[in-house]
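There's a structure below that I have some questions on.
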Amino acid sequence: MERRTFLAAGLGAGAAAITQGQTVAAAPEKQAFKMNYAPHFGMFRAHAGADLLDQLRFMADVGFTAMEDNGMPGRDLALQARIGEEMVRLGLAMGVFVAEANFTELTFARPPAQVKEGLVQKMEAAVEVSKRVNAKWCTVVPGAFDLKMEWDFQTANVVENLKYCAEVCESSGLIMVIEPLNAWRDCPGIFLTKIPQAYMICKAVASPSCKILDDLFHQQIMEGNLIPNIDAAWDEIAYFQIGDNPGRNEPTTGEINYKNVFRHIHQKGYKGIMGMEHGNSTPGVDGEQRVIDAYAACDSF
């Protein structure tokens, strides 16, 4: 029996099922989420096992409609293709993968003459990955800032380098989403840290292939003011990521009122993906069920 059919048959069973000598946890009840929340590989391994395609099937079986995978470019090309094909079959949309993210070295802040060629090559590779997995978005982190260069010169360099990268993406429809990160705790020295800064850069790049990834975990640490900043930067935000603070685990484990935030984003008409870029607060099957329950609770607006 195909795993998807097997799990569906076990919905609501409330006990472990036995198949081919192995104990497989009964699948949780399928949810009817209002929004496109995207788990990542490993988040439901205790239920679904190590096989990545089985993990995709589990995500679909419990009601998720998307998946994101930061590490997709590093996977075997044949596996990328199989993942893409299975996601189409399951009706799962592909979220972000990371096209460029250097947290400690100067990249986009350097003059284009020094880095343009390498950055363009990375974006050309990202376009090929996007074709294999049907991705519309890829994450770009513009790297560190230079202590020896005026800030405005660095900003101009970032804008120009992003323009070159956007030109690569535009013909394929791939959208770079630039991600502000928190510099106070996890990413000291990072250039891009706040939503207003990302908004200014996207306006300057002025390309449909350069938008904002609003990671609510990072922005809660850096500036809070989540809903007003969502409103102010709305026309440049193309993607959201989720994680509660402190801990960077599922909603309801920290200080962010995700039910209100999700309601606000939904009421604004957002139809995109909400990436679940966080850990599980509790290990094992119980922890995975807690993740599902947290999203069901916060999605019940």
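Using the per-residue mean of other Cβ atoms lying within 10 Å as a proxy for protection, in what order, highest first, do the peptides 262-270, 30-38 fall?
So the order, starting with the most tightly packed, is 30-38, 262-270.
Using the Cα centre of the range 31-298 as the reference point, and only Cβ charges (+1 on K/R, -1 on D/E), how large is the resulting charge dipole? Debye, rounded to the nearest 20.
Roughly 400 debye, rounded to the nearest 20.
I need the trypsin sites (Lys or Arg not before Pro) found in the range 171-241, filtered to DSSP loop residues with at most 15 other beta carbons within 10 Å of theirs.
Loop-located and lightly packed - Arg185.
Any idea what the relative contact order of the chain is, in percent, if you count C-alpha pairs under 8 Å spaced at least 6 apart?
It comes to 16 percent, rounded to a whole number.
Please sort 114-121, 240-247 by packing, taking for each peptide the average over its residues of neighbouring beta carbons within 10 angstrom, highest first.
Peptide ranking by packing, descending: 240-247, 114-121.
Any chance you could give the angle, 0 to 90 degrees and rounded to 10, that helix 151-170 forms with the longest Cα principal axis of the chain?
60 degrees
Can you compute the helix-only [θ] at 222 nm over the chain? Use -39500 (n - 2.57) per DSSP H run of at least 4 residues, normalise by all residues, nearest 500 deg cm²/dmol.
-13000 deg cm²/dmol
Ok, one more. Kindly express, to the nearest 10 degrees and within the range 0 to 90, the angle between helix 195-205's C-alpha long axis and the longest C-alpha principal axis of the chain.
60 degrees
Within a 10 angstrom radius of the beta carbon, how do Val140, Val159 rank from fewest other beta carbons to most? All intermediate terms of the calculation are to be shown ahead of the outcome.
Values: Val140 30, Val159 20.
Ranked by crowding around the Cβ, least crowded first: Val159, Val140.
Read the figures in this text as sums done on the coordinates, not as results from a lab. Note that the coordinates shown come from a computational prediction; the quantities given were computed from them, not determined experimentally. Here Cβ is always computed from backbone atoms with ideal geometry, including for glycine, and neighbour counts include all displayed protein chains.
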